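The structure appears right after this line, and notes come after that.
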Amino acid sequence: SHNNTSLNTLDKTHFLHPFTDFKEYKATDTAIYTKAEHIYIYDEAGKELIDGMSGLWCCNLGYSQPKINEAISNQLNSLPFYNSFFQCTTDVTVKMAKALVDISPAQFNHVFFTNSGSEANDTNIRLVHRYYDLLGKPSKKIFISRHGAYHGSTIAAGSLGGFSGMHKQYTGLSYVEHIGQPNWFTEGGDMDKAEFGIKVAQELAAKIDELGEENVAAFIAEPIQGAGGVIVPPETYWPEISRICKERDILLISDEVICGFGRTGDWFGAQTFGFEPDLMTFAKAVTNGYQPLGGVLVSDKVADVLSADGGEFTHGFTYSGHPAACAAGIATIDILKNDKVIENAAADIMPYFQAQLRTLESHPIVGEVRGMGMVAALEIAKNNSAKERLAPDCAGGAMVKTHAINHGLMVRSVGDAIVTAPPMVCNREEIDLLIARLTIALDYTAKHYGI
Ligand code: PLP
């Protein structure tokens, strides 16, 4: 047990964790991890867990990538830091910009670097407002986003996001509006998926029309909503969203912070769903999570306007394009490319993972299994045909998560959804082990509820 160790005491005494109930965590043990290898994490007592969350959706290549470590340490030895503010930058920063452009869809030839996904989404707002100012359309200010979206934690990114719990704790931006998420399991009713996808996308058109096209700047969304519970939209959804954005002259921003770098089976989720965004947010897996790096890929449509007129874009971070982070990013992209990690995973381990997880659909407390590529969720429900909660307050989902962790599998619960997004470098035996540990957690929970 972690109990009474000095690290635990220090943690409780000094560290305010993100997204944590400060009162509760002082009363409970915190897991403290000290080591990781391949797809496994280990706590101080040596207990091993399969990391079914790839860190925080970021270690897509797992924890044993010496080429990334080496790139970081070589960079620290040659040039540990220099800035990009003074009409200057570093060699690796430029090379990383080029590496990103090379793997991105054709419309993207520019990148703005940040340290995180949150800052990248703040940057999106600044870039888009500047774009419309330069175009002589300064009234186009409103961003439309979705309920359940997660775009980060700064005031701006949290406003874009659709978590009411976050909105309650601060005053959000006045120019952000939200529409529904394409969650067929909870909202679909009797509609088939295709019809439901169109209906939810139409909410965007209605919202733009209500606000006035001349006031709306952009729509931002995750190709698959991640932290909101892995909401995979019906196939009809994205083409309709894309059509509405073009028809009404508003920019489309794909937040690729979770989907990017292979998670959906392509470099970017927008490619998997077949739409062409004007801006793409990235972070997390761009460095395999080994260094903090984020940014915005900017399409020619936007970049051409931003660079046509003079005048400074008054925005940037000390660590924008940090050389150690860029070195990690170049090494990560090299591995993904040279080892054909995404193509190989898309051909084998991703379909295997999805198929094996779907065998759990017949489990008496699983209502739905959804997912794509290397990201999935199981909806915990009273029985496998009815959309009935197993227990009030999503206690069923919370219990499955706790049992999974106790039995050596790190997963996350979002309401009653059990979310898993393992590294894409795992093999079939490791997927089998993940499923076996998850099944134990489901069985324990079912038994607890007398099922
Ligand atoms: N966008 C999405 C889709 C995310 O999932 C996250 C983080 O989970 C963010 C943005 C925020 O990124 P960061 O935590 O690096 O600020």
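The values are calculated or read from the model by the stated rules, or taken from the named source; none is laboratory data. Please read all numbers here as calculations on a predicted model, not as lab measurements. So basically every Cβ, Gly included, is an ideal-geometry build from the backbone, and we count neighbours across all protein chains shown.
On the stretch given as the stretch 105-126, residues that are more than 8 Å from the ligand (Cβ to nearest atom), assigned to a helix (DSSP H, G or I) and surrounded by 20 or more Cβ atoms within 10 Å (Cβ to Cβ) total 4. Every condition in (1) in contact with a helix residue (DSSP H, G or I) (Cβ under 6 Å, 6 or more places away or on another chain); (2) in a helix (DSSP H, G or I); (3) within 26 Å of Pro422 (Cβ to Cβ) is met by Leu56 except one, and the failing one is (1). Note on the stretch 309-325: among residues that are in contact with a helix residue (DSSP H, G or I) (Cβ under 7 Å, 6 or more places away or on another chain) and not aromatic (Phe, Trp, Tyr), the one that is farthest from Leu79 (Cα to Cα) is Asp309. Leu61 fulfils the conditions (1) more than 18 Å from Gly329 (Cβ to Cβ); (2) away from the ligand (no atom under 16 Å from the Cβ); (3) among the aliphatic types (A, V, I, L, M) except for a single criterion, (1). Which residue is surrounded by the most Cβ atoms within 10 Å (Cβ to Cβ), if the candidates are limited to the stretch 31-45 and must be under 19 Å from Asn288 (Cβ atoms) and of a type in the set (A, V, I, L, M)? If we take residues in the stretch 31-45 being under 19 Å from Asn288 (Cβ atoms) and of a type in the set (A, V, I, L, M), then Ile39 is surrounded by the most Cβ atoms within 10 Å (Cβ to Cβ).
Tell me whether the stretch 348-361 contains one or more residues that are basic (Lys, Arg), outside any helix (DSSP H, G or I) and free of Cβ contacts under 8 Å to residues at least 12 places away in the same chain. Checking the stretch 348-361: not a single residue is basic (Lys, Arg), outside any helix (DSSP H, G or I) and free of Cβ contacts under 8 Å to residues at least 12 places away in the same chain.
Selection of the stretch 242-263 for residues being in contact with a Leu (Cβ under 6 Å, 6 or more places away or on another chain) and either closer than 15 Å to Ala205 by Cα or more than 16 Å from the ligand (Cβ to nearest atom) (or both) yields Ile244, Cys245.
The test for being at pLDDT below 95 and either among the polar types (S, T, N, Q) or away from the ligand (no atom under 16 Å from the Cβ) (or both) does not hold for Lys137. Kindly provide the set of residues from the stretch 127-157 that are part of a helix (DSSP H, G or I) and within 18 Å of Ala221 (Cβ to Cβ), ordered by number. Listed by number, the residues that qualify are Leu127, Val128, Ala156, Ala157.
Picking from residues in the stretch 210-225 that are more than 14 Å from the ligand (Cβ to nearest atom) and in contact (Cβ under 8 Å) with a residue 24 or more places away in the chain, the one that is nearest to Val419 (Cα to Cα) is Phe219.
Scoring Gly161 on the criteria (1) touching a residue at least 40 places away in the same chain (Cβ under 8 Å); (2) within 16 Å of the ligand (Cβ to nearest atom); (3) surrounded by 22 or more Cβ atoms within 10 Å (Cβ to Cβ) leaves a single failure, condition (1).
The conditions of being within 23 Å of Val305 (Cα to Cα), within 16 Å of the ligand (Cβ to nearest atom) and either assigned by TED's automatic domain parsing to the domain that holds Trp267 or buried (at least 22 other Cβ atoms within 10 Å of the Cβ) (or both) are met by Phe143.
Strands (runs of 3 or more DSSP E) wholly in the stretch 367-435 with at least 3 residues that are among the β-branched types (Val, Ile, Thr) - which ones?
Here the list reads 417-420.
Of everything in the stretch 292-301 that is surrounded by 23 or more Cβ atoms within 10 Å (Cβ to Cβ) and more than 11 Å from the ligand (Cβ to nearest atom), the residue that is farthest from Val92 (Cα to Cα) is Val298.
The single residue among Ala206, Ala201, Ala270 that is among the small types (Gly, Ala, Ser), assigned by TED's automatic domain parsing to the domain that holds Glu119 and within 16 Å of the ligand (Cβ to nearest atom) turns out to be Ala270. Considering only residues that are in contact (Cβ under 8 Å) with a residue 40 or more places away in the chain and part of a loop (DSSP other than H, G, I, E, B), which ones fall in the stretch 176-198? Within the stretch 176-198, Gln181, Pro182, Asn183 qualify. For Thr30, the conditions (1) part of a loop (DSSP other than H, G, I, E, B); (2) closer than 30 Å to Ala404 by Cα; (3) of a type in the set (Val, Ile, Thr); (4) modelled with pLDDT of 95 or more all hold with the exception of (4).
Of the residues Ser78, Ser84, the single one that is under 24 Å from Leu279 (Cβ atoms) and modelled with pLDDT of 95 or more is Ser84.
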